[in-house]
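To start, the structure itself, in structure tokens.
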Amino acid sequence: MVEAVENQASDLVAGEYEGGYKVWECSIDLSKYIAENGEIVRGKKVLELGCGQGLAGITAIMCGGVVHFQDYDVDVVENLTIPIVMRNIERADSTCSNNSRFFAGDWGTLREVLDETYDVVLTSETIYSVENMPRLLGCIKSVRIS
């Protein structure tokens, strides 16, 4: 028998769990778009912000991009993103890039460690809290775009 617990409107907890273990509907839509328009990432360096399981980034890799993945939660990146990305690269043909990098943490600190130039920045259903918008926007603005 299941005991009733307090019903929360969301399982997201700011600063603790930001939703990275879920596959959000928009990431599926973004992945489909990338798959249908592979030229937007082919031969390009891509940064996926708020990647969670990395579905859009994996699709970009399969279309010939080099992808760097970022999520707020280090546990999500270590226990989910990295294994899923590596498993997909191993299963794909030899043309897939294995030059992925992985970052965990807040967007405010991410911009301090990004030393790369990117052609494409991906993010989908990343914001659920208005308070996070300035940090995401600041990170996107600080990313050096080639």
* Structure fact -> Note, LEU137: beta-carbon cut-off 14 Å, +1 each Lys/Arg, -1 each Asp/Glu, net +1
* Ignoring everything but the protein chains, give the 1.4 Å probe accessible area of TYR128 in square angstrom, nearest 10. => 100
* Hey, with R₀ at 35 Å, roughly what FRET efficiency would ILE28 and THR109 work out to, going by the Cβ-Cβ distance, to 0.05? -> 0.75
* How far is it, in nm, from the label point at ASN99 to the one at ILE82 when both lie 7 Å from their Cα along the line to the Cβ? -> 2.1
* **Gain in span if fully extended, GLU131 to ALA35, counting 0.36 nm per residue against the direct Cα distance** => 31.3 nm
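Could you work out the relative contact order of the range 24-146? I mean the mean sequence separation of Cα pairs under 8 Å and 6+ apart, divided by the number of residues, in percent.
Details: 214 pairs, mean separation 33.2, N = 123.
Relative CO of the range 24-146 lands at 27 percent.
Between GLU116 and ASP75, 0.36 nm times their residue separation minus their Cα-Cα distance comes to what?
On the way: separation 41, 0.36 × 41 = 14.76 nm, distance 2.38 nm.
Between GLU116 and ASP75, full extension yields 12.4 nm more.
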* Rounded to the nearest whole Å², what accessible area per residue is found for the range 18-89 with the 1.4 Å probe? -> 42
* Listed peptides 41-49, 78-86 by packing density, highest first (mean Cβ within 10 Å) -> 41-49, 78-86
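The values are calculated or read from the model by the stated rules, or taken from the named source; none is laboratory data. From a predicted model like this one, the values you see are computed outputs, not experimental measurements. Please note: Cβ atoms are built from the backbone with ideal geometry, for glycine as well, and neighbour counts cover all protein chains shown. Keep in mind that these areas ignore ligands, DNA and RNA; they rest on the heavy atoms of the full protein, side chains included. Shrake-Rupley method; radii C 1.70, N 1.55, O 1.52, S 1.80 Å.
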